[in-house]
Every structure is written in structure tokens, then in C-alpha cells.
Amino acid sequence: MSTIAGFYTQGARSSGGHFGAARGNGRKHRGQDFSHSRTPGAVGVPALLGGTIVSKTSPSPSHGFGYGVTERASFEGEEYDISYSHGPWASQNSGGIAQGTILLHEGNSGATSGSCVHVEVFRRRTGTFIDPWPFIQRVLAAVGRGGSAPAANQVTKDRQNWLNVARGERLAVDGIEGPATRDAYRRYQAFLGIGQDGKWGAITQATHERYAAQRAAQIAVDGSWGAATTKALQRALGVAQDGVLGPQTYRALQARIGTTADGVWGPNSKRALQRHLGVAQDGAVGPATVRALQQRLNAGNF
């Protein structure tokens, strides 16, 4: 997705993804969700306004934002904090950023269903969250909507940003497919195992999307059992991916590891998990057990 107008006038989720939509425990959705692809990591999220990065989030049991980034920007004489959440990996941006800079990619980290970005707008003068949709329309009216077709140079910027973040390239994100960018395309094509012509065509795009989906599904092997590990486990077990270890997940896990599927996670179940993973069976799920679980989940052979 290229222009700001092209991104923010398409893909808005209306069913449950709008400001004020009901959530559990009487809560209300305080942002607007956008989704342009089912593949996490496939679509870059442009900064709505130029501003300064003021904070970032990472997946945590204490919130549902997953990987996110917040910019502080001025518009119509007021300051706003605009947050973008659910990225498949951490934002690499810092300091001052220009309007249209790719801050994040649509993803599925945190509490979300499917690949998307959650956008919140906080009005600093009043200390309140406001409906992003009319705010976005005001921004688009101010900057001009432009054409509906993607601008080729911005598509190239998206690709350059991806290669810098995901493959460690050091490209200038200038939207120009010069020699350095074409060489980076060739290295990426070699990594993907496809023809290395230095052109980002249909085969490269399709292979890239498959790789991006696999990369987004990987979890950190850190020995800490958080929401990301739980969602990966639930995905492997074929149950709802809500990031919460409840009776349904425990029963499915117990059935997988060959112990009584009663939904009660006690020492016998823990030892059965350790036996399934091939680690010491002490009945306590510590870092060594969790790391083994994370490695098996990433390998797709749990």
C-alpha cells in the first residue's frame, strides 16, 4: 500500500473494528482497525502525520497491543499522540519521522484476529481518545487525497524498509530502484530460493508473502511463556487463538501430549509435556521447558 490516502481510505474494518465497538467487561474499542492483507508483514503502515516517535510496545500479558509504536504530531494547532499496534515485529523507527514513513507492518501480535493495524488518536489538550475515522478524513482533506492507484516510488520504499528491517540491508529508503536496491533484491531472491534477476515481480512478491507469513508466526525462544507463546501453541493445537491458557487449551494440550484431558494443569500434565518435549521431567514448567516448547512450535513439529 503506497499513498497515505490509498492506505487510509481502504481496508477499514467496520464490523467490530470501529471506534466505540463493544468489548468484554463493558469496555469500548478506542481505535480504528485497518486490514489490507491476510498475510502478517505484507503491508506497511504509513505515518498519518509527520512527528516524533515517543513510545513503543512489545507483546505483554498486561496489554493487547502487541508490537506497537506511538508518534506525537501537530495538526490544526493541536498535539496528538497517534498509536499504531499489532505489528508482526518491533518498529525500527525512532526520533523524528516524516508523513508517510512506514512505521509498522500490519500483523497479528497482541489481542487481534487476523492481520491488521489498530490506530488510536489521543488528543493531548483534552486528555481523551477520539474517533480516528473523522480525524483521518480531516488529515486527508488537508494533504490532498491524491490518486487511488499506488505510487510506484512508495511501493519501492515499502520494499526497501522491509529489506532493512527483516534482512539487515542498509538501503536508503528513497523509493528509487537503483543499483543498490536491485542488488538487495537479488540477495533476497537468493535467500528465498528463486531466480535472481534483481526485479521484484509476481514470483518474488508471492514468495515474499509466504516468507513474511512464516516470519510473523515465529516466536522468541526466550524461556518466557507469554501471550505470543500461548497463541502459537493454540495455533498448533487448532483451538481459538486468544492468548489465554484456559480449560479448552489445556484439554487440547493434554490430548496432544498423551495425558488425561481434564483441563486441569497439574504436575502430571506438566511432566507429560516435558516427556513430549524430551526435557527433564521435574513437573515444573521452567525456562528450559518453555524454550524447548518454543523451539518445537517454531519448527512446526509440536
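Okay, residues lined up against (1) open to solvent by 50 Å² or more (accessible area, probe 1.4 Å); (2) acidic (Asp, Glu); (3) under 20 Å from THR128 (Cα atoms); (4) without any contact (Cβ under 8 Å) to a residue 40 or more places away in the chain:
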position	(1), (2), (3), (4)
SER35	no, no, no, no
ARG38	yes, no, no, no
GLY50	no, no, no, no
ILE53	no, no, yes, no
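Out of all the residues in segment 112-131, is one or more open to solvent by less than 40 Å² (accessible area, probe 1.4 Å), touching a Leu at 6+ places or on another chain (Cβ under 8 Å) and either closer than 30 Å to THR229 by Cα or part of a loop (DSSP other than H, G, I, E, B) (or both)?
Yes, there is a match, as at least one residue in segment 112-131 is open to solvent by less than 40 Å² (accessible area, probe 1.4 Å), touching a Leu at 6+ places or on another chain (Cβ under 8 Å) and either closer than 30 Å to THR229 by Cα or part of a loop (DSSP other than H, G, I, E, B) (or both).
Of all residues in segment 193-220, which are farther than 30 Å from GLY178 by Cα and either at pLDDT 85 or above or assigned to a loop (DSSP other than H, G, I, E, B) (or both)?
The answer is GLN218, ILE219, ALA220.
Working only within segment 19-73, note down all residues that are hydrophobic (A, V, I, L, M, F, W, C) and not in a loop (DSSP other than H, G, I, E, B).
ALA22, PHE34, VAL45, ILE53, VAL54, VAL69, ALA73 - these are the residues of segment 19-73 that are hydrophobic (A, V, I, L, M, F, W, C) and not in a loop (DSSP other than H, G, I, E, B).
Taking segment 278-302, which residues are of a type in the set (A, V, I, L, M, F, W, C) and either open to solvent by 20 Å² or more (accessible area, probe 1.4 Å) or touching a residue at least 60 places away in the same chain (Cβ under 8 Å) (or both)?
VAL279, ALA280, ALA284, VAL285, ALA288, VAL290, LEU293, LEU297, ALA299, PHE302 - these are the residues of segment 278-302 that are of a type in the set (A, V, I, L, M, F, W, C) and either open to solvent by 20 Å² or more (accessible area, probe 1.4 Å) or touching a residue at least 60 places away in the same chain (Cβ under 8 Å) (or both).
Output the qualifying pairs, or none if there are none: Cβ atoms under 8 angstrom, residues six or more apart or on different chains, first residue in segment 256-276 and within 17 Å of LEU297 (Cα to Cα), second residue of a type in the set (D, E, K, R) and open to solvent by 80 Å² or more (accessible area, probe 1.4 Å).
ILE257/ARG275; GLN274/ASP282; HIS276/ARG256
Any idea which of (1) within 18 Å of ASP242 (Cβ to Cβ); (2) assigned to a helix (DSSP H, G or I) is the one GLY6 doesn't satisfy?
Every listed condition holds for GLY6 apart from (1).
List pairs: first residue in segment 182-204 and open to solvent by 90 Å² or more (accessible area, probe 1.4 Å), second residue of a type in the set (A, V, I, L, M) anywhere in the structure, Cβ distance under 8 angstrom, at least six positions apart or on different chains.
Every condition considered, the pairs that remain are GLN196/ALA190; ILE203/ILE194.
Give the residues of segment 183-198 that are of a type in the set (Asp, Glu) and under 14 Å from GLN160 (Cβ atoms), sorted by residue number.
ASP183
Starting from segment 56-81, keep only residues that are open to solvent by 50 Å² or more (accessible area, probe 1.4 Å), then list their pairs with residues that are of a type in the set (A, V, I, L, M, F, W, C) and assigned to a loop (DSSP other than H, G, I, E, B) whose Cβ atoms are within a distance under 7 Å, requiring at least 6 positions of separation or different chains.
LYS56/ALA90; SER58/ALA90; TYR67/TRP89; TYR67/ALA90
Taking the stated definitions as given, is TRP89 among the aromatic types (Phe, Trp, Tyr) and within 13 Å of the chain's Cα centre (by Cα)?
Yes, satisfied.
Report yes if ALA141 is without any contact (Cβ under 8 Å) to a residue 24 or more places away in the chain and part of a helix (DSSP H, G or I), otherwise no. Let's see the steps before the verdict.
Numbers: without any contact (Cβ under 8 Å) to a residue 24 or more places away in the chain: yes; part of a helix (DSSP H, G or I): yes.
Here the answer is yes, as ALA141 does meet what is asked.
Examine segment 249-269 for a residue that is open to solvent by less than 30 Å² (accessible area, probe 1.4 Å), hydroxyl-bearing (Ser, Thr, Tyr), in contact with a helix residue (DSSP H, G or I) (Cβ under 6 Å, 6 or more places away or on another chain) and more than 25 Å from GLN214 (Cβ to Cβ), and state whether such a residue exists.
Yes, some residue in segment 249-269 is open to solvent by less than 30 Å² (accessible area, probe 1.4 Å), hydroxyl-bearing (Ser, Thr, Tyr), in contact with a helix residue (DSSP H, G or I) (Cβ under 6 Å, 6 or more places away or on another chain) and more than 25 Å from GLN214 (Cβ to Cβ).
Assuming ALA98 fulfils every condition listed in (1) touching a strand residue (DSSP E or B) at 6+ places or on another chain (Cβ under 6 Å); (2) more than 20 Å from ALA220 (Cβ to Cβ) apart from one, which condition is it?
Answer for ALA98: the failing condition is (1).
Of all residues in segment 210-230, count the ones that are touching a residue at least 40 places away in the same chain (Cβ under 8 Å) and either open to solvent by less than 60 Å² (accessible area, probe 1.4 Å) or polar (S, T, N, Q) (or both).
12
Checking the conditions here, which among GLY223, GLY178 is more than 19 Å from the chain's Cα centre (by Cα) and at pLDDT 90 or above? Walk me through how you get there before you give the answer.
On the way: GLY178 fails: at pLDDT 90 or above.
Only one candidate qualifies: GLY223.
The values are calculated or read from the model by the stated rules, or taken from the named source; none is laboratory data. As the structure is a computational prediction, the values presented were derived from the model and not from experiment. Cβ coordinates were reconstructed from backbone atoms using ideal geometry, including for glycine residues, and neighbour counts include every protein chain displayed. SASA here: full protein model, heavy atoms, side chains in, ligands and nucleic acids out. Shrake-Rupley method; radii C 1.70, N 1.55, O 1.52, S 1.80 Å.
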